[in-house]
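Notes follow the structure.
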Amino acid sequence: MEESPPDGTGPMHVPLGHIVANDKWRGSQLAGEMQGRIKLIFEDGLTPDFYLSNRSCILYVTEADLVAGNAYRKRLVRVRNSSNLQGIVVVEKTQMSEQYFPALQKFTVLDLGMVLLPVSSQVEASCLIVQLVEEQIKEPSKNSLLRKKRSPLSELSLLRTVQQIPGVGKVKAPLLLQKFPSLQQLSNASVQELEQVVGQAAAQQIHTFFTQAR
């Protein structure tokens, strides 16, 4: 196992098909749901909650984290500022935490430029994390001809992030990404450009979401 720097932000050697998990998750429902489907290695002193590979990791924000305030932001910033890691933020969006979700979404997606994937429970989160690991295993990253194409992991992450923007949803997200293939392009789009894809009402909601966060 590669030694992690003092702030616990990797790089970390992750055997293919494994997840390196922060020891705080030992015995949790989330870890229990993943075990048997994928192999977990527990390590103490990590800033991320889960390493999917030596360069990508999961930062997990629980319902309790959201309700308690903004303390979770320090971990996100630490990973975002690390040149070693691609951080993916998974958050429990529940009935109790839903009112706090828009602030987290704007901070994560717009301020930090990180991928945000909402889940309803730790059971759903376990399925998502296992899926992300499986997609990375399939990804032909060593093929120089395919290296410049967007990976299945980033496609899935970007799609789920865009689906959470007010006025979008599962139907409109793929349409938007056809015309605006990145969050930066989408955030810079005018109301008129957005209207051509999703109509006036949704275009105004999307434009308001991005402009209010600036």
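The values are calculated or read from the model by the stated rules, or taken from the named source; none is laboratory data. Since the model is a prediction, treat every value here as computed from it, not as a measurement. Don't worry about glycine lacking a Cβ; one is built from the backbone with ideal geometry, like all the others, and counts go over all protein chains shown. Keep in mind that these areas ignore ligands, DNA and RNA; they rest on the heavy atoms of the full protein, side chains included. Shrake-Rupley method; radii C 1.70, N 1.55, O 1.52, S 1.80 Å.
Summary of computed values
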quantity	calculated
Extreme residue, modelled with the lowest pLDDT, among residues of the stretch 1-27 that are under 21 Å from GLU135 (Cα atoms) and hydrophobic (A, V, I, L, M, F, W, C)	MET12
Positions within the stretch 197-207 being more than 20 Å from the chain's Cα centre (by Cα) and in contact (Cβ under 8 Å) with a residue 12 or more places away in the chain, in sequence order	VAL197, VAL198, ALA201, ALA202, ALA203, GLN204, GLN205, HIS207
Candidate set: the stretch 103-124, residues that are small (Gly, Ala, Ser) and within 13 Å of PHE210 (Cα to Cα); chosen: the one farthest from the chain's Cα centre (by Cα)	ALA103
All positions within the stretch 12-30 that are of a type outside the set (Val, Ile, Thr) and within 18 Å of the chain's Cα centre (by Cα)	ALA21, ASN22, LEU30
Every pair of residues 6+ apart whose Cβ atoms lie under 7 Å, when the first sits in the stretch 156-170 and is within 15 Å of GLN185 (Cβ to Cβ) while the second is aromatic (Phe, Trp, Tyr) and modelled with pLDDT of 80 or more	ILE165/PHE209
Positions within the stretch 12-37 being over 15 Å from GLN122 (Cβ atoms) and part of a strand (DSSP E or B), in sequence order	HIS18, VAL20
Number of positions in the stretch 34-43 that are closer than 18 Å to GLU135 by Cβ and either among the charged types (D, E, K, R) or open to solvent by 60 Å² or more (accessible area, probe 1.4 Å) (or both)	2
Unmet criterion (only one of (1) open to solvent by 10 Å² or more (accessible area, probe 1.4 Å); (2) assigned to a loop (DSSP other than H, G, I, E, B)) for PRO48	(1)
Condition check for SER97: touching a residue at least 60 places away in the same chain (Cβ under 8 Å), surrounded by fewer than 21 Cβ atoms within 10 Å (Cβ to Cβ) and over 15 Å from the mean Cα position of the chain (by Cα)	no
